[in-house]
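Okay, structure first, notes after.
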Amino acid sequence: MPKEFIVAIELGSSKMTGIAGKKNLDGSIQVLACVKEDSSSFIRKGVVYNIDKTAQCLTNIVNRLEKQLKTTITQVYVGVAGQSIRSIHNVIAKDITDDSVVTQDMVIELMDANRNINYPDQEILDAAVQEYKVDAQYQLDPVGIQCSRIEGNFLNILQRKSFYKNLNKCFENAGINVAEMYLAPLALADSVLTEAERRSGCALVDLGADTTTVSVYSKNILRHLAVIPLGFTNIIKDIASLQMEESVAERMLIKYGCAYTDNNDIDNNMKYSIDQDRQVESRKFIEIVEGRLEEIIANVWCMVPEDYCDKLLGGIILTGGGSNMKDIEKAFQNYTHIDKIRIAKYVTQTITSQIAEVTAHDGRMNTVLGLLAKGDINCAGGEYDPNGDLFAGQRQGPAESPEQRRVRQATEIPAGVVRTAEEKRLAEEEARLKKEEEERIAREEAERLAREEAEERRRNSPLSKMGRWLKDFGKKMVEDEE
């Protein structure tokens, strides 16, 4: 096994997936190992609800990957997704005196001011720059332009602070080093959308088990992001209401489920088998499936901002496990009246692997493969000893260089990267020290000015003036006597 590879972990609502792969010189990715663990009992709607069970599952994932790779894992890439993630627009403005030229420091100041906005109970995961308004014109890069006012337009991506803290706590408890956290919807978009789709305007819909994620792009910029707490598990639960186990309902959905059926094509006499003794009318089954699916599609369409509904020249791109449902394109076309519907069964990167589930081309692995493609730091450690790592919680990563430990400026953070709790702590500490230094300099300057003012008052006081006059008078008298 090669001693250089990247590891990515996706925390899904039904499955937690860990994958390891090596990037080749030609840009292709060779997937070396892939493991999955059931996560339905401790991850709901894509977020952690049981920290201890999630940490244990993460440990199991890493240990199983190490066993397959015969190499220890020092760090991993992690996807951040799930319920409560949403985007909100924000504008930060700055007036420029004397019609000066916009500098890089001014742009950083706008970014920092945006990042420091406080949303109650919400954490800013990422801030996507939309454009800058320089006086009356919009620019993507305002540096070097002369103006009197500049406005930064940002799309802030938020998540509840408790969810963000829980996710970080899981990796801390498991003793797993995080190389980088990345917004899973953005990693997915970078791996399944074409440049033409992102430029001309499109909506990417990830149909998952517990959630459906909607990402809207236009002119190569993310314009809106939302996670809907509805997924195909809701359809399964609706079918299970016909008095059957959810596992049976899932099998029926896979076997008989169809996203769109013309009313004239429904046979009122046909029945679907639940088990050896029971059946359900096909019409009733179809109404249950299509009723819930229509609710999901309606919520998806509501998430597309009105300004872009008629500008999706790139169409709607469907992916995720739910995109495998028969005639899913027809269902979306029928509701949205968008004719251009594409199903992204696989990522655009060249992937090679001997693992069947990786090469299945069913949309289920797209997100974790997108996260793997984002990795650029080696995650491989030393040789794996199956009997030596008895305390997985004490797993240690490689020593960080000063460059790695340095807090990155706003312009240095790649789009989609989410600061870990440790990075955020370091950034806050650096900001605190910077503020204290600025306050110290301001205090010393104020004290200097106060001293100068006091000295000036002393010099201009009647007593000081009298003393100087007497001194000059005495000096003149001496000179006259000589």
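Inside the stretch 240-275, residues that are open to solvent by 70 Å² or more (accessible area, probe 1.4 Å) and among the hydrophobic types (A, V, I, L, M, F, W, C) make up a count of 2. Listed residues Phe171, Phe163; which is part of a helix (DSSP H, G or I), out of contact with any helix residue (DSSP H, G or I) (no Cβ under 9 Å at 6 or more places or on another chain) and over 30 Å from His337 (Cβ atoms)? Being part of a helix (DSSP H, G or I), out of contact with any helix residue (DSSP H, G or I) (no Cβ under 9 Å at 6 or more places or on another chain) and over 30 Å from His337 (Cβ atoms) holds for just one of Phe171, Phe163, which is Phe163.
Would you tally the residues in the stretch 204-226 being closer than 16 Å to Ala128 by Cβ and open to solvent by less than 30 Å² (accessible area, probe 1.4 Å)? The number of residues fulfilling the criteria is 12.
How many of the residues making up the stretch 179-201 are in a strand (DSSP E or B) and either small (Gly, Ala, Ser) or without any contact (Cβ under 8 Å) to a residue 24 or more places away in the chain (or both)?
Residues of the stretch 179-201 that are in a strand (DSSP E or B), as a first pass: 179-183.
Now restrict to residues that are either small (Gly, Ala, Ser) or without any contact (Cβ under 8 Å) to a residue 24 or more places away in the chain (or both): 179.
Qualifying residue count for the region: 1.
When the stretch 1-32 is filtered for residues that are under 17 Å from Gly382 (Cα atoms) and open to solvent by less than 50 Å² (accessible area, probe 1.4 Å), the ones remaining, listed by number, are Pro2, Phe5, Ile6, Val7, Ala20, Gly21, Leu32.
Before we move on, is Ile157 more than 22 Å from Asp362 (Cα to Cα), touching a Ser or Thr at 6+ places or on another chain (Cβ under 6 Å) and open to solvent by less than 30 Å² (accessible area, probe 1.4 Å)? Even if it seems obvious, please write down each step before you answer.
Details: more than 22 Å from Asp362 (Cα to Cα): yes; touching a Ser or Thr at 6+ places or on another chain (Cβ under 6 Å): yes; open to solvent by less than 30 Å² (accessible area, probe 1.4 Å): yes.
Answer is yes for this residue.
Being surrounded by 17 or more Cβ atoms within 10 Å (Cβ to Cβ), of a type in the set (Ser, Thr, Tyr) and closer than 24 Å to Thr213 by Cα is the requirement here; does Thr59 meet it? Lay out the reasoning, then the answer.
Working: surrounded by 17 or more Cβ atoms within 10 Å (Cβ to Cβ): yes; of a type in the set (Ser, Thr, Tyr): yes; closer than 24 Å to Thr213 by Cα: no.
So Thr59 fails the test.
Scoring Lys340 on the criteria (1) within 33 Å of the chain's Cα centre (by Cα); (2) open to solvent by 60 Å² or more (accessible area, probe 1.4 Å); (3) farther than 21 Å from Asp362 by Cβ; (4) modelled with pLDDT under 95 leaves a single failure, condition (4).
Do any strands (runs of 3 or more DSSP E) lying entirely in the stretch 5-71 carry at least 2 residues that are of a type in the set (A, V, I, L, M, F, W, C) and more than 25 Å from Asn168 (Cβ to Cβ), and which ones are they?
Details: elements: 6-11, 15-23, 29-38.
Here the list reads 29-38.
Look at (1) in contact with a Cys (Cβ under 8 Å, 6 or more places away or on another chain); (2) touching a residue at least 60 places away in the same chain (Cβ under 8 Å) and you find that Ser87 fails only one, number (1). Among the candidates Arg278, Arg198, single out the residue that is over 23 Å from Gly320 (Cβ atoms) and open to solvent by 20 Å² or more (accessible area, probe 1.4 Å). Arg278 is the lone residue from the list that is over 23 Å from Gly320 (Cβ atoms) and open to solvent by 20 Å² or more (accessible area, probe 1.4 Å). Restricting Ser87, Ser148 to those that are open to solvent by 10 Å² or more (accessible area, probe 1.4 Å), among the polar types (S, T, N, Q), modelled with pLDDT of 90 or more and touching a strand residue (DSSP E or B) at 6+ places or on another chain (Cβ under 6 Å) reduces the list to Ser87.
Of note, Ser191 does not satisfy the criterion of being farther than 22 Å from Glu295 by Cα, open to solvent by 20 Å² or more (accessible area, probe 1.4 Å) and of a type in the set (Gly, Ala, Ser).
For the stretch 69-91, how many residues are of a type outside the set (Ser, Thr, Tyr), more than 11 Å from the chain's Cα centre (by Cα) and under 23 Å from Thr211 (Cα atoms)?
Selection size over the stretch 69-91: 3.
Taken across the stretch 369-387, residues that are within 26 Å of Val129 (Cβ to Cβ), at pLDDT below 75 and among the acidic types (Asp, Glu) do not occur at all. Looking only at residues in the stretch 96-145 that are out of contact with any Gly (no Cβ under 9 Å at 6 or more places or on another chain) and of a type in the set (Val, Ile, Thr), the one that is most open to solvent (accessible area, probe 1.4 Å) is Thr97.
The residue pairs whose first member lies in the stretch 132-146 and is more than 15 Å from Ile92 (Cβ to Cβ), whose second member is part of a loop (DSSP other than H, G, I, E, B), and whose beta carbons are closer than 6 Å, counting only pairs six or more residues apart or on different chains, are Asp135/Cys147; Val143/Val102; Ile145/Val102.
The values are calculated or read from the model by the stated rules, or taken from the named source; none is laboratory data. Worth saying up front: this structure is predicted, and the values here are computed from it rather than measured. For neighbour counting, all protein chains shown are included, and Cβ atoms are generated from backbone atoms with ideal geometry for every residue, glycine included. Accessible surface is based on the protein model in full, side chains and every heavy atom, while ligands, DNA and RNA are left aside. Shrake-Rupley method; radii C 1.70, N 1.55, O 1.52, S 1.80 Å.
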